[in-house]
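The next block holds one structure in the form of structure tokens; read it before the comments.
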Amino acid sequence: MRRNVISLMLLVCLVACLTVGCAQENGTSGPAPLTPIPIPTNGGQNPMNDAKNPTPTPFMPIRERVTYPMTRDNVKVLGRTCMIDEVRWCGFSGSGVEFFFAGTECSVNLRGDDMTESTGHNARVAIYVDGVRQQDIMINENDVTDRTVEIIKSDIDTIATIRIVKLSEVSDSTFGIVSVDAVGMISPLVATEKKIEFIGDSITCGYGVDGVLGEDVYQTSNEDCTKAYAYKTAELLGMDYSLVSMSGYGIVSGYTGDGVKNPGQTLPQYYKTLGNCYGHFAGTVAPSSVAWDFSEFVPDYVVINLGTNDFSYCGADEERRREYIEGYKEFLKVVRECNPYAKIVCVLGIMGTDLCGSMETAVAEYSTENGDNYITTMRFAEQNQALDGIAVDWHPSDKTHTKAAKKLALFLKEQ
């Protein structure tokens, strides 16, 4: 009997470690896999106790339904989000919440924005339980109708980690997390020791990764940031992440099919905000009008992957390439101002290496002119369609993203 009690306490300690970010990802998106185990109601120990506490208090299960607001007291926030009228709004890829759950029932209330009736542009959202994707949802309701999604319903007290994450990008649509209803308790997971921010375009968003070139057209339903190199890199490194990315965006020009400059789709103009979107938070608030508080997420690393769309404008024109270099240098000043202690890593090349030299020149000149030696560059290998396949509109496949993530993770470990 005593051996059983000791075994139970070891399991409880494992859960306590999970809540302080000790767990590593295991090749799946979301928090580290952990099989839900029953929580004893008589004589059991509270899984939220400090493992160093010599006199743990008994776990007292909650038998009444409780509605938890999406504040940082209750959940760990993923990426850039904002609270409007007690609803946590998510725009950027990868944004959402994560929390520990103990009890018998758990559901979440989700809300769409004013773009959710536009076919092909609805927000795509995934719900993970113990690291396994349990639900893949398209938010189709309008902005005044909430959808209640059941996550856990059990006859016995159960513990689990739950992650709710936006798979699609901010450019198309947003969604809100209204509250979590639970017969039980929820608590935020503690932040990881190190954090990483990614600034990028469609590659970082996971554009079209669930589709195939020539068979599918881009829709938010085939976009999944958790299959893209950035999210995968954060998983490999065990770091909290923030993705600031929008498809088609560049440094001085967004994608252009005719070589005419596209200044409307430049990421630097939105870097200090929650992004540019056709939809609106709460039906009226433009994400671009919401200033981001950089004290809410202080990264140890900032990875910039911008230039693929600029190349459609620059081409081989030396004057335009010089414009890209100067624009890149100015953006680096902004990134450094907002992240004074971060190691900045500038990368490029998955969808073409033509502009890599210009990116490297920009970094070298910026570093010399500003005395900033805490910045470096890395080239990705260009995607190999024959070997790894290719996704919608010539974008990288899941296999290509995985290879890129492994290379970047190894590179960052050496910095």
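In the range 206-315, the portion of solvent-accessible area held by carbon and sulfur atoms comes to 50 percent [1.4 Å probe, whole percent, DNA, RNA and ligands not counted]. Computed extension length for residue 83-residue 272: 66.4 nm, one decimal, from 0.36 nm per residue of separation with the Cα-Cα distance subtracted.
Only sites in a loop by DSSP and with at most 15 other Cβ atoms within 10 Å count here; which GluC sites (Glu not before Pro) in the range 86-135 make the cut? Qualifying residues, ordered by number: 86, 117.
Enumerate the residues in the range 266-291 having an amide nitrogen under 18 Å from the point lying 7 Å beyond the Cα of residue 341 toward its Cβ. From the range 266-291, the list is empty.
Once you have a ≥ b ≥ c as the square roots of the Cα gyration tensor eigenvalues for the range 192-250, tell me rounded if a/c is under 1.5, and otherwise prolate or oblate according to whether a/b is larger than b/c. It comes out prolate by the Cα gyration axes. Taking 7 Å steps out from each Cα toward its Cβ at residue 258 and residue 295 produces label points 4.8 nm apart. Averaged per residue, the range 217-316 has 33 square angstrom of accessible surface, using a 1.4 angstrom probe with ligands and nucleic acids left out. For the range 332-348 versus the range 64-127, the spacing of their alpha-carbon centroids is 29 Å. For the residue pairs 227/333; 166/261; 166/329; 76/227; 153/194; 166/406, the C-alpha atoms sit more than 27 angstrom apart in 227/333; 166/261; 166/329; 153/194.
The values are calculated or read from the model by the stated rules, or taken from the named source; none is laboratory data. Quick caveat: nothing in here was measured; it's all calculated off a predicted structure. Neighbour counts run over all protein chains shown; Cβ positions are idealised from the backbone, glycine included. Note: areas computed on protein heavy atoms with side chains; ligands, DNA, RNA excluded. Shrake-Rupley method; radii C 1.70, N 1.55, O 1.52, S 1.80 Å.
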